[in-house]
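Heads up: the structure comes next, in structure tokens.
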Amino acid sequence: MCDQENWSITKTHKRWRLAYMAICFNRILISLFMKVVKKNGPLLGTLSYVDIDHMQPMDEDSRRDKSISFLHGDRERLSDMVRDKNNESLSEFEGVKKLAFGAIDGEVDLFHRQTVTSAKQRWRLVFRAIYCTRVLVSLPKKVLHKNAPLLRSLSYVAIDVQPINEDSPNVDVKKLCDMVRDKDSESLNQFGGVKKLALLLGTDVKDGIKGGEADFIHRQNVFGANKYQKPPAKSFLSFVKEAFKDTNIFLLLVCAILSLAFGIKQHGLKDGWYSGGSIVVDIFLVVLVSAVSEFTQSRQFEKLCTKSSDIQVEVVRDERRQHISIFEVVVGDIVCLKIGDQIPADGLFLEGHSLKVDESSMTTLTSESNHIQINERNPFMLSGTKVMDGFGFMLVTSVGMNTAWGQMRSSTTCVFNEEIPLKAYLHKITSYVGKVGLVVSALVLAVLLIRYFKGDTKDDRENMINGRKTMFDENMNAVVGIVAVAVTISMVAIPEGSPMAVTLAYFMKCMMADNVVVRKLSVCEIMGSVTTICTNKTSILANKMKVMEFWLGTEVVKDNTSLDMAGDLRKLLQQAVSLNTTCTVHKSQTTSLPKTFGSPTEKAILSWAELAVFNLGMNIKEVQQSYKKIHVEGFNSEKKRSGVLVKKNNGKMIHTHWKGDAEMILAMCSTYYDSTGVLKVMDEEKTLQLGTIIKNMAEKSLKCIAFAHKEVVEESGQVQEKLEENELKLLGLVGLEDPCQPEVSKVVESCTTAGVTIKMITGDNVPIAKAVALECGILNPDEDLDNEAVIEGVQFRNYSHEEKMEKIDKIRVMARSSPSDKLLMVQCLKKKGHVVAVTGDGTNDVPALKKADIGLSMGIQGTEVAKESSDIVILDDNFASVVTVLRWGRCVYSNIQKFLQFQLTLSITALVINLVAATYSGKVPLAAVHTLGALALVTEKPIEDLMKQPPISPSEPLITNIMWRNLIAQALYQVTILLVLEFWGRSIFGVEDNVKSTLIFNTFVLFQVFNEFNARKLEDKKIFEGLLKNKLFLAIIGFTIVHQLVVVEFLKRFSNTERLDWGQWGACIVLAAFSWPIGWLVKCIPVSSKQLANPRGLHPERLA
């Protein structure tokens, strides 16, 4: 009995212990739910997961006790009652209070029915249960009162909290990408349209994304960044492998390995590896320099590719327009698009007018244009396509690798492996020199073998050797040694590294430092041959426009009279300025002055109006919000005007506003407003008077813009979408000043000195074109300006072919020209034999940019279409960079000529000396010579004297008469001195053959060191001018001297030389130094203008 009682007590204690644990869990849940109710938001992240899977089962006695049944059997009923807000179930419990007291009574009865030893402990647990139950009863009422989510049944509660941004876009990324790529209208309708999708992406259709840096990072994490995966770049080892593929290098390597093997066999490993090992080292040095040159060029081109891809995009963020990098565009951005822009990502059309894009890059493999109209019915816009007309706003939906353009870009790499005629021609020359070296090596090999087998060869102990009387092993060793010597001779003729690769890499780096990006390497050789530059007017202007004059009718408006302007006229001017524009004005809270975004002309007009220069007192946003745009015609170079058709909110009047070239707008008007706001008829006299006003402004270099207006009553049921072009009312004229860049006059003067003619081709009228040309120096005021120097495009267009060819050289300015006139000018100049460069910044300049030998676009004002069509991009829009391009083009060509002159002198001397010495003594004094100074010559920077020379003729050979004169003189001197040392060196210096050979080798290397200074100037005698500015050249010269000192004095066995004393070193230096005065004297010898070599092939397809 006692055991049974103890067992019952133990069982009761276990049940109460479990009950206590359940109450603790309940209290945790209660506190957690109370936080949820108070905050009415997501759970705290501190308790990310709470799982109460079950409570302990009740014993049989408790199950039969109905007083506590609601705690177990009716708890699901209680949960359902609260979740479903069921008042009938609550009434069955006789209200909330009865329910609470019932629970309490049930708990109390339960406590009395348990057998326990400590009453105090039991009542403490009862108190906890009562408290827990009361909280649970009050909780549903609070939840219902706050309309918060209902709690689940307490039998199982699982809370999984994830850190989530409540404002995050909840859109399927793949579905979004496929929708735009496939142009799926059904999927767009499922999103609820473009504006609904913008809300889903957290974007305000007017003000753009309103978030900080964290929001942009989150969007990039969810939707990806607007960057493309690039194929892996070629490694350095790949360039090494390519260098080893050269046939000459392969043959040399085979012979070196054989020489190394037989040397070790004959003399052992300790002494036998020197001869073959030195050849292997020489080969690897040649390969290493070549690989480093090509690798450096490749890395430089990768930087250029990244620079070219990083275009600026105009987006709307935080209620204002701003320019960002294309790599910073994120999903949800609103992109502003205008003519010539490249679409930076996939997206949807929000709003705009007359928007057309060219999708030929995405849909066809040809260059034919594929213009697609973009509007509400076709809102899908693809990344990589170009805007050809109109303007608009786009909602970005996919970026980077999620776009079709991104996938195309990822499969291609930016490798500048285009064929460069100059590089091909240079490779042909060096290959020819290498082949001559192989021929000489073969002759030397034949001579040495004949001498060996005839018994005319001496060994190291001066004993005669007859190959016919020696053993086979000795013959094999001797033959391999002879072959190795012959092979190493050809190495002297092989240039170390790729001079074109070195000069191009250096050229690209320096050009980028000067804010010039070369997109096509093939133009590097043409830049020095440019004879004519055709530029538009905007390329030479500072693009800092300002309104200088404002005319109402035939009277100029002064600051103090603008207040007296009629109210109706002021409103019309406000409409004309505010509605007929693509600019926006943003007023920052940090600055008092507003910031305007748009073209220079639009910005100048808006700044004039917004800043109340003439007290217009206008608010652009208020005016724009008061009217609805019906139709817009964007500005283009053909019409030279822009127009807008608007209707006032809740109004019936349709307003047409035109703005553009004053002469063209004036021809559309029949009436005008005077300074008092009175509308007057424009008769013939007033037309002539207004025309004179326009002409006078043009002669002062002011760009004249006219505003015109017309209003009609809206016809019932008909929507007018065509702008009126007749019977307009002239509102006023503004004259804008756009000064020339301060450096333009010096640029024109420098180009004229260099033999380069600058022609200005503009769409402006003759007076303003003539005024700008005079200001820049393109026209000389002392010349007869009417003598066919200034013409209009229509006049040039109507010339016959013979007249064009006859007069084209006299033309300096072509006004009122169209894009076709500019293209025609370029074609005629090329047929006349000119090498033409064209500057441009607009879409209308693309045909001329493509047709020209060199197309230069502007990086700031230039459109992306113009940049892609050009060969060179001037990043800072500085016209002075044109001279930089010309100077560097001539410098590159000159550096290649310097390299060739130096290398040919070295090769001719080495091959002649080796051939003669092998025939005479059976030994070769110049086995392998390395002078990196040849590559130092291609890093010379341009000098001013280059712009005092005429352009390089396309028919001029790469090796000119001047170069032949210089290299022949130096080669004759070097060969003479070295032959004297070869035949009489022993008796002159009283030395052995080994020392004599070292003297010949040392003098030859020093000859090349001193001749590098001569090669710095092909014609000029001042060979030391600007020497301290080329630190790389000095460093390589110093390295060459130190290397030669180490080889002669410390690497006796490896290089097969002997140490020289101070006197012998001095003799070598003095003999080499005589090349300086010889070079000075030779440059005094005049040369014939006739060429001694065939012309090089300089881009025949572009110069045709």
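The values are calculated or read from the model by the stated rules, or taken from the named source; none is laboratory data. No experiment lies behind these values; they were computed from the predicted model shown. Neighbour counts run over all protein chains shown; Cβ positions are idealised from the backbone, glycine included. Surface areas here come from the heavy atoms of the whole protein model, side chains and all, with no ligands, DNA or RNA. Shrake-Rupley method; radii C 1.70, N 1.55, O 1.52, S 1.80 Å.
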Flagged pairs (Cβ under 6 angstrom, 6 or more apart or on separate chains; first in region 202-227, within 14 Å of Q322 (Cβ to Cβ); second assigned to a loop (DSSP other than H, G, I, E, B) and open to solvent by less than 40 Å² (accessible area, probe 1.4 Å)) are I209/T203; I209/G332; F216/V330
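Identify all residues within region 773-826 that are of a type in the set (G, A, S), touching a residue at least 24 places away in the same chain (Cβ under 8 Å) and in a loop (DSSP other than H, G, I, E, B); write none if there are none.
Initially, region 773-826 is screened for residues of a type in the set (G, A, S), giving 773, 777, 789, 793, 800, 815, 817-818, 820.
Now restrict to residues that are touching a residue at least 24 places away in the same chain (Cβ under 8 Å): 773, 777, 789, 793, 815, 817-818, 820.
The answer is G777, A789, S817, S818.
So how many residues does region 1044-1060 have that are open to solvent by 30 Å² or more (accessible area, probe 1.4 Å), in a helix (DSSP H, G or I) and free of Cβ contacts under 8 Å to residues at least 24 places away in the same chain? Steps first, please.
Applying the first criterion (open to solvent by 30 Å² or more (accessible area, probe 1.4 Å)) to region 1044-1060 yields 1045-1046, 1050-1056, 1058-1059.
Add one more test, that the residue is in a helix (DSSP H, G or I), and what stays is 1045-1046, 1050, 1052-1055.
When the remaining residues are screened for being free of Cβ contacts under 8 Å to residues at least 24 places away in the same chain, the result is 1045-1046, 1050, 1052.
The qualifying residues number 4.
Report, by residue number, each residue of region 383-402 that is under 25 Å from T584 (Cα atoms) and open to solvent by 10 Å² or more (accessible area, probe 1.4 Å).
Looking only at region 383-402, we keep the residues that are under 25 Å from T584 (Cα atoms), and these are 383, 385-397.
Residues satisfying the conditions are K386, M388, D389, F391, F393.
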Could you check region 798-823 and list, in sequence order, the residues that are open to solvent by 40 Å² or more (accessible area, probe 1.4 Å) and not charged (D, E, K, R)?
N798, S800, H801, S820, L823
Please verify whether region 370-383 includes one or more residues that are closer than 27 Å to T581 by Cα and either in a helix (DSSP H, G or I) or basic (K, R) (or both).
yes
Checking T843 against (1) under 15 Å from M760 (Cα atoms); (2) open to solvent by less than 70 Å² (accessible area, probe 1.4 Å), which single condition isn't satisfied?
(1)
The number of residues in region 849-861 that are of a type outside the set (S, T, N, Q), open to solvent by 10 Å² or more (accessible area, probe 1.4 Å) and in a loop (DSSP other than H, G, I, E, B) is 2
Taking E699 and the conditions (1) out of contact with any strand residue (DSSP E or B) (no Cβ under 6 Å at 6 or more places or on another chain); (2) without any contact (Cβ under 8 Å) to a residue 40 or more places away in the chain, which numbered condition does it fall short on, given that it satisfies the others?
(2)
Please specify each residue of region 176-196 satisfying the condition of being open to solvent by 80 Å² or more (accessible area, probe 1.4 Å) and outside any helix (DSSP H, G or I).
D182
Examine region 260-268 for a residue that is outside the structural domain of F1050 (by the TED database), within 38 Å of the chain's Cα centre (by Cα) and in contact (Cβ under 8 Å) with a residue 12 or more places away in the chain, and state whether such a residue exists.
no
The listed residue being assigned to a loop (DSSP other than H, G, I, E, B) and of a type outside the set (A, V, I, L, M, F, W, C), out of E685, E663, E711, E725:
E725
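Report yes if Y228 is within 30 Å of V173 (Cβ to Cβ) and open to solvent by less than 90 Å² (accessible area, probe 1.4 Å), otherwise no. Steps first, answer last, please.
Working: within 30 Å of V173 (Cβ to Cβ): yes; open to solvent by less than 90 Å² (accessible area, probe 1.4 Å): yes.
The answer is yes for Y228.
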Considering only region 737-751, I want to know if a residue exists there that is modelled with pLDDT of 90 or more and under 22 Å from E602 (Cα atoms).
no
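Out of G277, G224, G211, which single residue is modelled with pLDDT of 80 or more and either out of contact with any Pro (no Cβ under 8 Å at 6 or more places or on another chain) or not charged (D, E, K, R) (or both)?
Numbers: G277 fails: modelled with pLDDT of 80 or more; G211 fails: modelled with pLDDT of 80 or more.
Testing whether each residue is modelled with pLDDT of 80 or more and either out of contact with any Pro (no Cβ under 8 Å at 6 or more places or on another chain) or not charged (D, E, K, R) (or both) leaves just G224.
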With respect to the numbered conditions (1) crowded, with 20+ Cβ neighbours inside 10 Å; (2) at pLDDT 70 or above, which one is the sole condition not fulfilled by M565?
(2)
Among the residues of region 213-234, which ones are of a type in the set (G, A, S) and under 22 Å from the mean Cα position of the chain (by Cα)?
G224, A225, A233
Determine whether region 920-928 contains at least one residue that is at pLDDT below 85, under 24 Å from Q970 (Cα atoms), open to solvent by 10 Å² or more (accessible area, probe 1.4 Å) and in a helix (DSSP H, G or I).
yes
Does A256 satisfy being crowded, with 20+ Cβ neighbours inside 10 Å, among the aliphatic types (A, V, I, L, M), in a helix (DSSP H, G or I) and modelled with pLDDT under 80?
yes
Failed item, numbered, when L946 is tested on (1) of a type outside the set (S, T, N, Q); (2) at pLDDT 85 or above; (3) surrounded by 20 or more Cβ atoms within 10 Å (Cβ to Cβ):
(3)
Selected residue (only one of I959, I988, I977 is in the same structural domain as C1068 (by the TED database), under 46 Å from the mean Cα position of the chain (by Cα) and among the β-branched types (V, I, T))
I959
Assuming W964 fulfils every condition listed in (1) farther than 27 Å from P421 by Cβ; (2) surrounded by fewer than 20 Cβ atoms within 10 Å (Cβ to Cβ); (3) touching a Leu at 6+ places or on another chain (Cβ under 7 Å) apart from one, which condition is it?
(1)
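Restricting attention to region 827-848, and to residues there that are part of a helix (DSSP H, G or I), touching a residue at least 60 places away in the same chain (Cβ under 8 Å) and not small (G, A, S), which single residue is nearest to T757 (Cα to Cα)? Give the steps one after another, and end with the answer.
Pass one, region 827-848, residues part of a helix (DSSP H, G or I): 827-831, 843-848.
With touching a residue at least 60 places away in the same chain (Cβ under 8 Å) added as a condition, the list becomes 829-830, 843-845, 848.
Now restrict to residues that are not small (G, A, S): 829-830, 843-845.
Values: L829: 11, K830: 14, T843: 24, N844: 23, D845: 19 Å.
Applying the filter and picking the extreme gives L829.
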Can you tell me which of (1) farther than 30 Å from L355 by Cα; (2) part of a helix (DSSP H, G or I); (3) open to solvent by less than 30 Å² (accessible area, probe 1.4 Å) is the one Y672 doesn't meet?
(2)
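Got at least one residue in region 197-211 being more than 30 Å from K621 (Cα to Cα), open to solvent by less than 40 Å² (accessible area, probe 1.4 Å), assigned to a helix (DSSP H, G or I) and out of contact with any helix residue (DSSP H, G or I) (no Cβ under 8 Å at 6 or more places or on another chain)? Give the derivation first.
The first filter runs over region 197-211 and keeps only residues more than 30 Å from K621 (Cα to Cα), leaving none.
Checking region 197-211: not a single residue is more than 30 Å from K621 (Cα to Cα), open to solvent by less than 40 Å² (accessible area, probe 1.4 Å), assigned to a helix (DSSP H, G or I) and out of contact with any helix residue (DSSP H, G or I) (no Cβ under 8 Å at 6 or more places or on another chain).
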Picking from I420, I343, the residue that is modelled with pLDDT under 75, in contact with a Leu (Cβ under 8 Å, 6 or more places away or on another chain) and either surrounded by 20 or more Cβ atoms within 10 Å (Cβ to Cβ) or under 23 Å from G862 (Cβ atoms) (or both) would be I420
Would you kindly identify the helices (runs of 4 or more DSSP H) lying entirely within region 455-543 that contain at least 1 residues that are among the aromatic types (F, W, Y) and at pLDDT 65 or above?
472-493, 499-513
